[in-house]
Amino acid sequence: MMYGKSSDECIKGMVMGEHFVGVDIGGTWIRIALTTSNGSIENKIVVRTPREGDRYTIANLIVEAIRTNFKEHLEKIKAIGIGTAGPMDLSRGVVINAPNIPIRTFELAQPIQEALKKPVIMANDCIAGVWGEKIFGLGRDYENVVYITISTGIGGGMIVNGNLLLGKMGNAHEIGHIVVDVSGRMRCGCGGYGHWEAYASGANIPRFASLLLEEWSLTEEEKDSEVYKAYREGNLSSELIYSAAKRGDRLALRIVDEVNRYNIAGFENVINLYDPEIIVVGGSVALKNKELVIDRVREGVKRSQGVVTELPRIEPTAFGDDVVLIGAIALAVKPPQTLIKMLKYLQYL
């Protein structure tokens, strides 16, 4: 089996015509791609993430999608990489109580591996993201790389001195649950209080904005804002807040500034913890609002008095919505050995 070898040996042993599959499992969509060993996508499909089902529903859907859409290439597929929202038990290939996926706990790696008879290399979506940036993206020339997503949730993946960080269960990257507010005004989807994700993720910004609007004294101009009207009608959304901010709505900009206080605090923590050379940023909230999120964070970190190391580059991913998918492909093509050692289910192939 190729995964008993080093990553470099795996790459050298590849022959023309070999294919790989990458899978990105998110709270709304599952993206599945057929690729070559250089990461070039030959075919990609997108399906809705099941809203209900049992522990095998998601795995069965992925197996069927691969068999149906890539049937002409099944024999040439060498491995399948998966990036999924977590948390998880990597050794067993199981997702456990994921706050942003409707079926919160489910079997993943082993049933897919058993059905397709291919090695399945699975990791958290942000671990996949940082590995994809290291192998194919902006992190290629660096040994200390961080990937941060600001999307439905907030997460991160870290490479330090060339080593992919994982932790005892593969959950060392859950930076969305860093405490950025010790007063704990907001409750996170995981059940904890004061977590970064509770204030600045796409799912929670409307809740945080509603709390701010309850607390703030507003001017008449702010009360005329479409944001305030949406709040009064119970229709507040992250998309509305950022679109209004782009048009110069003062109330929306005030909310965005408050959200960015927590984003900046989160980035400061990450820089101090991992001392990266580059932070690559993805996720729909960040990528659709680069000036209001990434640029503001970059400026805030530069002004910070609390960062104790040299500042890293902070850049948006060039892969857009496909960053986790590209990362999953990278896991399959050039699997990190720290990860392979954790995946006990590989021995059953």
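Just so you know, all these numbers are worked out from the coordinates, no wet-lab data involved. Remember, predicted model here, so these are calculated numbers, not experimental data. Note that we place each Cβ from the backbone using ideal geometry, even for glycine, and neighbour counts take in every protein chain shown.
Below, the figures for the structure above:
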read-out	value
Percent RCO, i.e. relative contact order, over segment 106-147, from Cα pairs under 8 Å lying at least 6 residues apart	27 percent
Over 18 Å between alpha carbons, listed pairs Lys78/Lys117; Lys76/Lys117; Lys246/Lys290; Lys134/Lys168	Lys134/Lys168
Residue among Ser284, Ser91, Ser183 with the largest mean-square fluctuation in a Gaussian network model of the chain, springs linking Cα atoms under 10 Å	Ser183
Relative contact order [Cα under 8 Å, 6+ residues apart], the chain, whole percent	22 percent
Residue of Ala198, Ala65, Ala109 that the Gaussian network model of the chain assigns the largest fluctuation, springs spanning Cα pairs under 10 Å	Ala65
Largest-first principal axis extents, alpha carbons of segment 138-317, Å	53, 32, 28
Counting DSSP beta bridges with both ends in the chain, the antiparallel % (nearest 5)	55 percent
Segment 22-32 - phi-based ³J(HN,Hα) in whole Hz, Karplus 6.51/-1.76/1.60, Gly and Pro as x	x, 10, 10, 9, x, x, 10, 10, 10, 9, 10
Local net charge near Ile159, Cβ-Cβ under 9 Å (Lys/Arg +1, Asp/Glu -1)	-1
Computed lengthening from Val179 to Arg140, 0.36 nm per intervening residue step minus Cα-Cα distance	11.0 nm
Charge dipole (segment 138-317, unit charges on Cβ, about Cα centre) - positive-most of Leu166, Gly184, Leu212	Leu166
Highest-first arrangement of 112-123, 186-197, where packing means the average Cβ count within 10 Å	112-123, 186-197
Protection proxy ranking of 228-238, 246-256 - average other beta-carbon atoms within 10 Å, highest first	246-256, 228-238
Amide H within-cut-off set for Met122, under 5 Å, with H built and near neighbours excluded	Ile82
Label-point gap, in nm, between Ala318 and Ala172 - each point 7 angstrom along Cα→Cβ	2.8 nm
Backbone HN-Hα couplings from phi across segment 129-135 [Karplus 6.51/-1.76/1.60, Hz, Gly and Pro as x]	x, 5, 5, x, 5, 5, 7
Segment Leu74-Asn235, extension gain: residue separation times 0.36 nm, minus the distance between their alpha carbons	53.3 nm
Spin-label model distance (nm) - Gln305 vs Ala115, 7 Å beyond Cα toward Cβ	5.7 nm
Alpha-carbon gyration tensor eigenvalues x 5, square-rooted, for segment 31-153, Å	23, 20, 13
Dipole magnitude of segment 201-304, debye to nearest 20 (Cβ charges: Lys/Arg +1, Asp/Glu -1, about Cα centre)	180 debye
Beta bridges per DSSP with both ends in segment 138-317, % antiparallel, nearest 5	55 percent
Per-residue HN-Hα couplings for segment 44-56 [Karplus 6.51, -1.76, 1.60; θ = phi - 60°; Hz; x = Gly/Pro]	9, 10, 10, 10, 5, 5, x, 8, 8, x, 9, 5, 10
Nitroxide proxy distance, nm - points 7 Å out along Cα→Cβ at Leu218 and Glu291	2.4 nm
Ratio Rg/Rh [Cα only; Rh per Kirkwood] for the chain	0.99
Simple Cβ-charge dipole of the chain, Lys/Arg +1 and Asp/Glu -1, about Cα centre, in debye nearest 20	800 debye
Computed [θ] at 222 nm, helices only, for the chain once each DSSP H run of length n ≥ 4 contributes -39500 (n - 2.57)	-10500 deg cm²/dmol
Sequence of Val270, Val21, Val160 once ranked by neighbouring C-beta atoms within 10 Å, starting from the fewest	Val160, Val270, Val21
